Amino acid sequence: MLKHYLEDAGLFEVDVVRSANTWEGDDYLEDFHIDGIGKTMAMEKPKPDSNFSPNFSNYDVIISNFGWNAAPWPESTQRTFEKYIENGGGLVVFHAADNSFPKWEAYNKMIGLGGWGDRTEKDGPYVYFNDADELVRDTSPGKAGAHGPQHEYVIQVRNMEHPITKDMPTKWLHTKDELYERLRGPAEKMEILATAYASPEMKGSGRHEPALMVLDYGKGRIFHNIMGHADYSVECLGFITTMLRGTEWAATGKVTQEIPEGFPTENKSSSRVFKK
């Protein structure tokens, strides 16, 4: 779905690389087949792919969709990726990509905040806004990563001047999705562009949790988006817009795309139905 959205924007040429093994996911491999992509085997337990070694230098930006319980990349691939970002490559962290690789120190610095994978206070503070709109870095003990039941929730833009969020409504309603909360990590050289309130009525934290973030790592630019758990979540026009603009920014440092007509309002979500 992301490949189609990016290509339809007319700004991107997109290649997809998958590891030879994936943890479970049998149905998804069939439903979201991409022509020309090598065979991926669904495994009962995560199994590293010793041959996974994309040529990152061929690209302006990498979108990571490696998620919860993903097997680690080979050590040499990790080092190559670190150098790629340090030297100015772009990265987009897509939803569960902030769950992956908890023991990879450089990756945790790239994503800023992460969840699950035995992340705790040892990995960095919780970061969120309180009801007084104050940015909080909370070092108290606790596990990282949680979400309540999927539901529509309001995105509140915190920086209206950043190229990714410029001209967006201050508040807009995202379609049904997981709302990640209690993320924690190094959070170095990170700015929160937008938050979402994790309501206690939805078993949430009662905090305004980071939803869109940007980070610097060396000369590289990173865009981190917590949204996009399911296909109906990815159909949200707000999500699509943030991903397209965030990817362009991570690649170039600029955004040339306008906010599209029909963009969600504070009280009404908006989706673009995906046709295979």
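The values are calculated or read from the model by the stated rules, or taken from the named source; none is laboratory data. These numbers were taken from a predicted model, which means no experiment stands behind them. Every residue, glycine as well, gets a Cβ built from its backbone with ideal geometry; the counts of neighbours run over all protein chains shown. Keep in mind that these areas ignore ligands, DNA and RNA; they rest on the heavy atoms of the full protein, side chains included. Shrake-Rupley method; radii C 1.70, N 1.55, O 1.52, S 1.80 Å.
General remarks:
- Checking TRP249 against (1) assigned to a helix (DSSP H, G or I); (2) touching a Ser or Thr at 6+ places or on another chain (Cβ under 8 Å); (3) of a type in the set (Phe, Trp, Tyr), the condition it does not meet: (2)
- Verdict on GLU266 being over 18 Å from the mean Cα position of the chain (by Cα), open to solvent by 30 Å² or more (accessible area, probe 1.4 Å), farther than 19 Å from ASP133 by Cβ and not basic (Lys, Arg): no
- Looking only at residues of the range 211-257 that are in contact with an Asp or Glu (Cβ under 6 Å, 6 or more places away or on another chain) and open to solvent by less than 40 Å² (accessible area, probe 1.4 Å), we find that the one that is farthest from PHE129 (Cα to Cα) is ALA251.
- VAL273 vs. criteria surrounded by fewer than 23 Cβ atoms within 10 Å (Cβ to Cβ), in contact with a Phe, Trp or Tyr (Cβ under 7 Å, 6 or more places away or on another chain), farther than 28 Å from ARG182 by Cβ and of a type in the set (A, V, I, L, M, F, W, C): no
- Any hit, the range 61-79, residues being closer than 29 Å to THR241 by Cα, basic (Lys, Arg) and at pLDDT 95 or above: no
Here is a yes/no grid of residues against (1) open to solvent by less than 30 Å² (accessible area, probe 1.4 Å); (2) assigned to a helix (DSSP H, G or I):
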site: ILE63; (1), (2): no, no
site: TRP68; (1), (2): no, no
site: LYS83; (1), (2): no, yes
site: LEU91; (1), (2): yes, no
site: ALA97; (1), (2): yes, yes
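- Residue within the range 7-24 that is open to solvent by 40 Å² or more (accessible area, probe 1.4 Å), in contact with a Gly (Cβ under 7 Å, 6 or more places away or on another chain) and modelled with pLDDT of 95 or more present: no
- Matching residues, the range 107-129, being outside any loop (DSSP other than H, G, I, E, B), in contact (Cβ under 8 Å) with a residue 12 or more places away in the chain and open to solvent by 10 Å² or more (accessible area, probe 1.4 Å): ASN108, LYS109, GLU121, ASP123, TYR126, TYR128, PHE129
- Enumerated strands (runs of 3 or more DSSP E) restricted to the range 130-180, each holding at least 3 residues that are open to solvent by less than 30 Å² (accessible area, probe 1.4 Å): 151-157, 171-177
- Per-region count, the range 33-86, residues within 17 Å of THR22 (Cβ to Cβ) and acidic (Asp, Glu): 2
- Taking residues in the range 205-230 that are basic (Lys, Arg), and partners anywhere that are open to solvent by less than 10 Å² (accessible area, probe 1.4 Å) and not in a strand (DSSP E or B), the pairs with Cβ atoms closer than 6 Å and at least 6 places apart or on different chains are ARG207/ALA198; ARG221/ALA250.
- The residue list ILE192, ILE222, ILE226 contains one member that is aliphatic (A, V, I, L, M) and more than 24 Å from GLU7 (Cα to Cα), which is ILE192.
- Within the range 1-21, the residues that satisfy the criterion of being under 22 Å from THR77 (Cβ atoms) and in contact (Cβ under 8 Å) with a residue 40 or more places away in the chain are LEU2, ASP15, SER19, ASN21.
- Identity of the residue in the range 258-276, in contact with an Asp or Glu (Cβ under 8 Å, 6 or more places away or on another chain) and of a type in the set (Val, Ile, Thr), that ends up nearest to MET1 (Cα to Cα): VAL273
Conditions (1) among the hydroxyl-bearing types (Ser, Thr, Tyr); (2) at pLDDT 95 or above; (3) out of contact with any helix residue (DSSP H, G or I) (no Cβ under 9 Å at 6 or more places or on another chain), marked per residue:
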| position | (1), (2), (3) |
| --- | --- |
| ILE111 | no, yes, no |
| TYR126 | yes, yes, yes |
| GLU134 | no, yes, yes |
| THR139 | yes, yes, no |
| GLY142 | no, yes, no |
| VAL157 | no, yes, yes |
| GLU161 | no, yes, yes |
| MET168 | no, yes, no |
| ARG184 | no, yes, no |
